[in-house]
Amino acid sequence: MSRAVLSIGSNLGDRLAHLRSVVDAFAPWIVGVSSVYSTAPWGGVPQENYLNAILLVEDPAAGARDWLRRGQELEQAAERVREVRWGARTLDVDVVWCAEHRPEGLRVCRSLDPTLTLPHPQAHNRAFVLVPWVEVEPDAILEVQGRPSPVRELLDALDRAERDGVRLTELTLRRAVS
């Protein structure tokens with residue numbers, strides 16, 4: 001069984017619908033969903049603001065590569081195009097962190113593979129990942145350069161402007177039951 005933290009974002013088309021498609025697809029495995037946040041784009045490419053959120057997921061049959069494959073399938077379904085680095089996206093699903101359940105407890109998955117680097121090498125620098133992650137898992141730990149650090153402390157260490165740029169919205173990823 002593995003547990004993963006997925007960062008989801010969209011800034012093209014019906015952004016909320018794209019994020020909800022991820023929640024719907026991962027529904028059987030979701031153990032936590034953050035609020036939806038609006039954030040300015042990263043990387044200096046002019047584009048619209050993103051909607052971002054974090055999902056905590058668990059699946060007895062999945063490993064880290066399964067989470068990546070599932071996320072990429074959803075990106076393809078949303079017709080994501082990868083033309084410009086840090087460019088606009090219909091949907092972005094990143095595996096930020098993953099751990100396997102072992103008899104002795106959770107064992108963090110580590111990978112230096114460029115296709116799936118774990119833990120995500122830039123997560124600790126991105127308020128749009130850390131803010132919703134702390135919301136949904138306040139005691140989360142992220143390994144940065146081999147050292148485990150509380151996500152809350154990593155967030156506090158970011159520039160205030162970076163943290164303030166992640167703005168809570170009134171949007172929700174869970175559909176209202178009629």
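Taken together, the criteria exclude residue 135 from residues that are under 18 Å from residue 54 (Cα atoms), open to solvent by 30 Å² or more (accessible area, probe 1.4 Å), part of a helix (DSSP H, G or I) and modelled with pLDDT under 95.
Given the conditions (1) modelled with pLDDT of 85 or more; (2) more than 22 Å from residue 118 (Cα to Cα); (3) in contact with a strand residue (DSSP E or B) (Cβ under 7 Å, 6 or more places away or on another chain); (4) not hydroxyl-bearing (Ser, Thr, Tyr), and given that residue 28 satisfies all but one, which numbered condition is not satisfied? In the conditions (1) modelled with pLDDT of 85 or more; (2) more than 22 Å from residue 118 (Cα to Cα); (3) in contact with a strand residue (DSSP E or B) (Cβ under 7 Å, 6 or more places away or on another chain); (4) not hydroxyl-bearing (Ser, Thr, Tyr), residue 28 misses (3) alone. Within the bounds of segment 114-124, is there any residue that is closer than 24 Å to residue 13 by Cβ and surrounded by 14 or more Cβ atoms within 10 Å (Cβ to Cβ)? Scanning segment 114-124 turns up no residue that is closer than 24 Å to residue 13 by Cβ and surrounded by 14 or more Cβ atoms within 10 Å (Cβ to Cβ). Residues that are more than 22 Å from residue 14 (Cα to Cα) and either in a loop (DSSP other than H, G, I, E, B) or of a type outside the set (Val, Ile, Thr) (or both) do not occur anywhere in segment 85-93. Restricting attention to segment 1-17, the residues being more than 19 Å from residue 162 (Cβ to Cβ) and over 14 Å from the mean Cα position of the chain (by Cα) number 8.
Every condition in (1) open to solvent by 80 Å² or more (accessible area, probe 1.4 Å); (2) modelled with pLDDT under 90 holds for residue 40 except the one numbered (1).
Per-residue answers, yes or no, for (1) over 19 Å from residue 98 (Cβ atoms); (2) touching a strand residue (DSSP E or B) at 6+ places or on another chain (Cβ under 6 Å):
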residue	(1), (2)
120	no, yes
127	yes, yes
132	no, yes
135	yes, no
144	no, no
155	yes, no
159	yes, no
169	yes, yes
172	yes, no
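The values are calculated or read from the model by the stated rules, or taken from the named source; none is laboratory data. No experiment lies behind these values; they were computed from the predicted model shown. Cβ atoms come from the backbone with ideal geometry, glycine included; neighbour counts cover every protein chain shown. Each accessible area value is taken on the protein alone, full model and side chains, heavy atoms only, with ligands, DNA and RNA left out. Shrake-Rupley method; radii C 1.70, N 1.55, O 1.52, S 1.80 Å.
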